[in-house]
Amino acid sequence: MHFLAIDLNQAVLKFSDDNVILLKICLGIVMYGVALNLHIKDFKEILTNPRSVVIGLLSQVVLLPAATFGLITLLNPHPSLALGMILVAACPGGPLSNFIAHLSGGNAELSVSLTTITTLLSSFTTPFNFAFWANMLDIQSASGKPLTIDFIEMVIVILELTIIPTFLGMLTRYRFPQFAEKITKTFRIISLIIFVIFIVGAFVDNLGIFVKYLFHFLGLVLAHNLVALLVGGLTARVFRVPGRDLRTITIETGIQNGSTSVVLTMAFFGGVGGMALIVGWWAIWDMCSSLMLAFYWSKRSVKA
């Protein structure tokens, strides 16, 4: 496969090992705060509406990575940009999707179920999808050798970032419901504020890099996010799910956990090349596009 020759080797983000550790801690705290608000009843959708759950998982875990591969084949981007797109598609859904699904008039319970399931499955699905589709692209590393990914190491990092904090948050809710009820709202707000401050600070530190290479990645992120939303919406429509579920599956497929992809990029690839540019901008843009879609849907009645 031939890629457009663009030298992105100089696009190295300023992100030290200490910053990576801090980002992991911040993300873990956010995931713990999200899980504090999970109730057993939130998962009733798995039993009462299994069809929409399965279709949502098909859209996000299987079809989105495949569609991303197709988009990369069509647009032929620089290898590091392509890897960033694959990594984004391989990550689980973002926690903000639950709020946006509710705002759009979608099925909030289905959204919670899909986000939690994809998060719990991500210790396998993320490294598998990334390794599978990256190898399909036959991308070479900077040394000219085939790209190799430490599957087990990536599993461990994802466990640290998402699975363990989510499990601990759900355990706290189950064992200490009154305590969880008291702290959940304040904890989530504070953790999100800390996380946003950290991300904004990191973005400002690297603003020059983002501006310099803006035209190399901006269009790719916009196209990729549009494809993700279309995959969710079209999959739901093909399988004729109810209107509220269609909105949820569209949102869940369109919002990926950009924070997780940022950490994985820094931990495994050192923030070198276009990967960090793609995942960094995706983490911002997918929330903007989904909010605009939710605002549009909120003004329109839901079709059965």
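Where a number appears in this text, it was derived from the coordinates with a stated rule and is not lab data. Small disclaimer: the values here were computed from a predicted structure and weren't measured. Virtual Cβ from ideal backbone geometry, glycine too; neighbours counted across all protein chains shown.
Computed quantities for the displayed model
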| quantity | calculated |
| --- | --- |
| Two-site label geometry, Phe99 and Asn135: point separation in nm, points 7 Å out along Cα→Cβ | 3.9 |
| Length gained when the stretch Lys212-Arg237 is fully extended (0.36 nm per residue, less Cα-Cα span) | 5.0 nm |
| Value of [θ]222 nm, deg cm²/dmol, for the chain, DSSP H segments ≥ 4, -39500 (n - 2.57) each, nearest 500 | -24000 deg cm²/dmol |
| Under Karplus coefficients 6.51, -1.76 and 1.60, residue-wise ³J(HN,Hα) of the stretch 224-231 in Hz, glycine/proline x | 5, 5, 4, 4, 4, 5, 5, 4 |
| Residue among Ser191, Ala228, Tyr174 farthest towards the positive dipole end of the stretch 143-258, charges placed on Cβ | Tyr174 |
| Magnitude of the charge dipole, the chain, Cβ model with Lys/Arg +1 and Asp/Glu -1, debye to 20 | 1080 |
| Built amide H within the under 5 Å cut-off of Gln256, gap 5+ | Gly94 |
| Point-to-point label distance, Arg51-Ser301, nm (Cα→Cβ direction, 7 Å offset) | 2.3 |
| Exposure rule at most 16 other beta-carbon atoms within 10 Å, DSSP loop trypsin sites (Lys or Arg not before Pro): the chain longest free segment | 15-239 |
| Links that overshoot a 29 Å alpha carbon limit, given the list Lys182/Lys299; Lys44/Lys185; Lys24/Lys185; Lys185/Lys303; Lys44/Lys182 | Lys182/Lys299; Lys185/Lys303 |
